[in-house]
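Visitor: Following this message is one structure expressed as structure tokens.
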Amino acid sequence: MARRKKIYEGKAKILYEGPEPGTIVQYFKDDATAFNAEKKAVIEGKGVLNNRLSEFFMTGLGQIGVPNHFIKRLNMREQLVRQVEIVPLEIIVRNYAAGTMSKRLGIEEGTQLPRPIVEYCYKDDALGDPLVTEEHIAAFGWASQQDMDDILSLALRVNDFLSGVMMAVGIRLVDFKIEVGRIFDGDFQRLIIADEISPDSCRLWDIETGQKLDKDVFRRDLGDLKDAYTEVARRLGVMPKNAQPMTKPTLIN
Ligand code: CDP
């Protein structure tokens with residue numbers, strides 16, 4: 001069998017050339033990194049969970065008309081996605097203060113924000129993905145004003161969808177990051193959600209206990225990351241079927 005051409009290898013995923021033009025195979029690795037890859041580990045099974053969880057969220061978003069790159073899952077670790085031209089921004093939506101926002105503004109973690117706040121970071125690992133304003137984005141031509149309107153509306157739709165899905169299984173969506181990409185249809189171009197949506201890029205807290213069920217478990221050494229992601233998948237009915245609840249049983253089910 002011909003070896004697939006690797007297009008890009010990132011911290012948590014590898015991208016291969018897809019079977020048809022305009023498609024890409026997205027492979028989810030087990031590698032976990034934090035603090036701009038200063039902290040690293042291999043968490044067996046994380047890639048399988050994120051592949052399934054991202055499929056679940058992207059499929060749901062597609063069903064409510066939020067355009068995204070997902071085409072189909074290929075196997076345990078791979079999914080076929082549309083090739084896009086990535087906009088070099090990390091789009092962060094926050095419902096509760098946490099992480100860098102808490103540090104930057106001195107707001108206690110877990111404080112509910114007056115409304116969802118959308119932030120933009122310039123996607124550049126060497127610079128540590130710095131926070132930028134719409135002025136930088138416009139001046140450096142990373143996205144047009146029309147793009148920014150579309151990005152804001154996509155981000156808020158993803159937020160409403162994810163918040164609702166999570167609330168239904170007793171989980172608070174504290175914040176998350178998305179990336180968007182451009183697709184071209186002749187002269188026409190539009191933006192769709194790309195990359196992944198998984199507990200690697202969200203903060204998810206149990207509503208009852210406050211227990212963290214996201215990558216902060218790894219960043220802050222709070223326990224077993226795989227157990228936390230498995231719990232999210234189990235509550236959402238994603239997989240694996242035989243997963244046991246975490247030690248602290250929930251009221252859901
Ligand atoms: O998480 P961290 O303290 O590094 O940064 P943050 O700005 O507080 O992150 C907000 C949200 O975006 C969290 O859910 C992060 O997991 C996510 N994020 C991400 O997925 N990738 C990044 N490069 C930065 C943030």
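Each value in this text was obtained by applying a stated rule to the coordinates, not by laboratory testing. Everything numeric in this text was worked out from a predicted model, so none of it was measured. Positions of Cβ are backbone-derived with ideal geometry, glycine not excepted, and every protein chain shown enters the neighbour counts.
Visitor: What net charge is computed for the residues neighbouring ILE151, neighbours being all others with C-beta under 12 Å from the C-beta of ILE151, Lys and Arg scored +1, Asp and Glu -1?
Guide: The answer is -4.
Visitor: Test of understanding: ordering ILE197, ILE183 by Cβ neighbours within 10 Å, fewest first, what list do you get?
Guide: Values: ILE197 26, ILE183 17.
Placing the least packed residue first, the sequence is ILE183, ILE197.
Visitor: Less than 12 Å Cβ to Cβ from THR33, Lys/Arg counted +1 and Asp/Glu -1: what total charge do the surrounding residues give?
Guide: Working: positive: LYS11, LYS13, LYS29, LYS39, LYS40, LYS46, LYS215, ARG219; negative: ASP30, ASP31, GLU38, ASP125, ASP200.
Local net charge: +3.
Visitor: In whole Å, what are the extents of the range 113-253 along the principal axes defined by its C-alpha atoms, from largest to smallest?
Guide: Computed over the Cα atoms, the extents are 51, 32, 30 Å.
Visitor: Per-residue counts of other Cβ atoms within 10 Å, averaged by peptide: what ranking do you get for 134-140, 41-47, 184-190, highest first? Could you put the intermediate results ahead of the total?
Guide: Values: 134-140: 13.0, 41-47: 15.7, 184-190: 8.6.
Top of the packing list down: 41-47, 134-140, 184-190.
Visitor: So what are the range 138-221's ellipsoid semi-axes, whole angstrom, largest first, if each one is the square root of 5 times an eigenvalue of the alpha-carbon gyration tensor? Intermediate results must be reported in sequence, preceding the final value.
Guide: Values: eigenvalues 189, 39, 23 Å².
With the √(5λ) rule applied to the range 138-221, the semi-axes are 31, 14, 11 Å.
Visitor: Test of understanding: in a Gaussian network model of the chain with alpha carbons linked when under 10 Å, which of LYS72, LYS39, LYS215 would top the mean-square fluctuation ranking?
Guide: Its mean-square fluctuation being the largest, the pick is LYS39.
Visitor: OK, next. Once you sort the root eigenvalues of the Cα gyration tensor of the range 1-83 as a ≥ b ≥ c, which label holds: rounded (a/c under 1.5), prolate (a/b larger than b/c) or oblate (the other case)?
Guide: Details: a/c = 1.88, a/b = 1.23, b/c = 1.53.
Because a/c hits 1.5 or more and a/b fails to exceed b/c, the range 1-83 counts as oblate.
Visitor: A further question follows. With no solvent and one equal point scatterer placed on each C-alpha of the range 69-182, evaluate the Debye formula and give log10 I(q)/I(0) for q = 0.13 Å⁻¹, two decimals.
Guide: Results for the range 69-182 at q = 0.13 Å⁻¹ read -0.60.
Visitor: What would the Debye equation give as log₁₀ I(q)/I(0) for the range 41-81 at q = 0.32 Å⁻¹, counting only Cα atoms as equal point scatterers?
Guide: With no solvent term, the Cα-only Debye profile gives -1.07.
Visitor: Normalising by the residue count of the range 3-81, find the relative contact order in percent from Cα pairs under 8 Å and 6+ residues apart.
Guide: Values: 129 pairs, mean separation 19.6, N = 79.
The normalised contact order for the range 3-81 reaches 25 percent.
Visitor: When the C-alpha atoms of the chain are aligned to their principal axes, what extent does each axis show, in angstrom, from largest down?
Guide: So the extents along the principal axes, rounded to whole Å, are 53, 51, 37.
Visitor: Please report the relative contact order for the chain, taking Cα pairs under 8 Å with a sequence separation of at least 6, and give it as a percent rounded to a whole number. Intermediate results must be reported in sequence, preceding the final value.
Guide: On the way: 453 pairs, mean separation 41.8, N = 253.
Over the chain, the number comes to 17 percent.
Visitor: Given a 10 angstrom Cα cut-off, can you work out which residue in THR100, THR59, THR230 is the most mobile in a GNM of the chain?
Guide: In the Gaussian network model the winner is THR100.
Visitor: Also, quick follow-up: For GLU44 and ILE86, FRET efficiency with R0 = 30 Å and r from the beta-carbon atoms, rounded to 0.05? Write out the running numbers ahead of the final one.
Guide: Values: r = 29 Å, r/R0 = 0.95.
Efficiency computed from Cβ-Cβ geometry: 0.60.
Visitor: Continuing with this model, one more query. At 222 nm, what value in deg cm²/dmol follows for the chain if DSSP H runs of at least 4 each add -39500 (n - 2.57) and the sum is divided by all its residues, to the nearest 500? Present the calculation step by step, with values, prior to reporting the outcome.
Guide: Working: 6 runs with 69 residues, N = 253.
My calculation for the chain gives -8500 deg cm²/dmol from helical runs alone.
Visitor: Return the single residue from ARG182, ARG104, ARG94 with maximal mean-square fluctuation; model: Gaussian network over the chain, springs between Cα atoms under 10 Å.
Guide: ARG104
Visitor: Let me ask you something else. Can you grab the distance from the C-alpha centre of the range 19-42 to the C-alpha centre of the range 208-231, Å, no decimals?
Guide: Computed from Cα coordinates, the inter-centre distance equals 19 Å.
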